[in-house]
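**Student:** Handing you a structure now.
The values are calculated or read from the model by the stated rules, or taken from the named source; none is laboratory data. Here the structure is a predicted model, which means the values were calculated and not measured. So basically every Cβ, Gly included, is an ideal-geometry build from the backbone, and we count neighbours across all protein chains shown.
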Amino acid sequence: MRAYEQVVADLAATVREYGWAVRVVYGTASRPPWVYTVGLSESDLPELVVTGLPAERAVALLNDVAEHLVHSGVPPRAGERRRWAGGPETEFVEIAEPDVHLLHAVALYGEGRRALQVVWADEEGRWPWESGRQPVLGRRAPDAPPLAGDEPSA
């Protein structure tokens with residue numbers, strides 16, 4: 001078996017055993033790293049992506065979120081915010097082109113996966129759309145919570 005086929009087979013085995021797997025994509029000079037789940041689609045849940053965190057922290061965050069989603073069975077909605085135990089405050093953002101970022105999920109399940117980015121606030125409570133410190137792969141939901149300093153609409 002070729003190396004790539006073995007990776008996909010190993011991912012499939014991990015998904016069968018645990019319900020999902022987590023993949024780390026290391027960045028390059030022109031592309032920042034990201035981490036994503038594979039297998040949540042089997043539970044009718046969106047796959048999840050994190051950008052801008054060190055791999056170990058991103059994997060831990062995705063495992064926490066995935067575990068919660070699998071046990072609750074309730075998919076998050078774009079714009080929903082949540083703070084995870086010991087982790088940052090997060091907001092879910094619908095990913096514009098999931099197939100571009102979920103290569104191994106596409107290899108296992110085909111194109112057309114739904115995915116949400118788990119966008120996180122930094123230690124000072126700043127979001128990437130305020131600080132630009134993390135790539136965001138989609139647009140905020142129109143009904144997402146207002147940002148600090150936003151005026152409520154009349």
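**Student:** For the range 46-68, what are the residues that are in contact with a helix residue (DSSP H, G or I) (Cβ under 8 Å, 6 or more places away or on another chain) and modelled with pLDDT of 95 or more?
**Tutor:** Answer for the range 46-68, where residues must be in contact with a helix residue (DSSP H, G or I) (Cβ under 8 Å, 6 or more places away or on another chain) and modelled with pLDDT of 95 or more: Pro46, Glu47, Leu48, Val49, Val50, Ala66.
**Student:** Next question, about the same structure. Only one of (1) out of contact with any Ser or Thr (no Cβ under 8 Å at 6 or more places or on another chain); (2) assigned to a helix (DSSP H, G or I) fails for Arg31. Which number is that?
**Tutor:** Answer for Arg31: the failing condition is (2).
**Student:** Between a first residue in the range 122-141 that is without any contact (Cβ under 8 Å) to a residue 60 or more places away in the chain and a second residue that is assigned to a loop (DSSP other than H, G, I, E, B) and among the β-branched types (Val, Ile, Thr), which pairs have beta carbons less than 7 Å apart while being 6 or more apart in sequence or on different chains?
**Tutor:** Within 7 Å, the pairs are Trp129/Val136.
**Student:** Now for a different question. Mind checking which residues of the range 105-127 are more than 14 Å from Pro46 (Cα to Cα) and either surrounded by 13 or more Cβ atoms within 10 Å (Cβ to Cβ) or among the basic types (Lys, Arg) (or both)?
**Tutor:** Ala107, Leu108, Val119, Trp120, Ala121, Asp122, Arg126, Trp127
**Student:** Between a residue in the range 52-70 that is farther than 16 Å from Arg23 by Cβ and touching a residue at least 12 places away in the same chain (Cβ under 8 Å) and any residue that is assigned to a helix (DSSP H, G or I) and small (Gly, Ala, Ser), which pairs come within a Cβ distance under 6 Å, given they are 6 or more apart or on different chains?
**Tutor:** From the range 52-70, the pairs are Val70/Ser43.
**Student:** Restrict the check to the range 81-103 and report whether at least one residue is more than 14 Å from Val38 (Cβ to Cβ), surrounded by 15 or more Cβ atoms within 10 Å (Cβ to Cβ) and either free of Cβ contacts under 8 Å to residues at least 12 places away in the same chain or small (Gly, Ala, Ser) (or both).
**Tutor:** Scanning the range 81-103, I find at least one residue that is more than 14 Å from Val38 (Cβ to Cβ), surrounded by 15 or more Cβ atoms within 10 Å (Cβ to Cβ) and either free of Cβ contacts under 8 Å to residues at least 12 places away in the same chain or small (Gly, Ala, Ser) (or both), so the answer is yes.
**Student:** Restricting to the range 5-28, count the residues that are assigned to a helix (DSSP H, G or I) and in contact (Cβ under 8 Å) with a residue 24 or more places away in the chain.
**Tutor:** Count: 6.
For every residue, the table says whether it meets (1) at pLDDT 95 or above; (2) among the β-branched types (Val, Ile, Thr); (3) in contact with a strand residue (DSSP E or B) (Cβ under 7 Å, 6 or more places away or on another chain).
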| residue | (1), (2), (3) |
| --- | --- |
| Gly73 | no, no, no |
| Ala96 | no, no, yes |
| Val100 | no, yes, no |
| Ala107 | no, no, no |
| Arg126 | no, no, no |
| Glu130 | no, no, no |
| Val136 | no, yes, yes |
| Ala144 | no, no, yes |
| Glu151 | no, no, no |
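**Student:** In this structure, is Leu137 aliphatic (A, V, I, L, M), surrounded by 13 or more Cβ atoms within 10 Å (Cβ to Cβ) and farther than 26 Å from Arg31 by Cβ?
**Tutor:** It is false that Leu137 is aliphatic (A, V, I, L, M), surrounded by 13 or more Cβ atoms within 10 Å (Cβ to Cβ) and farther than 26 Å from Arg31 by Cβ.
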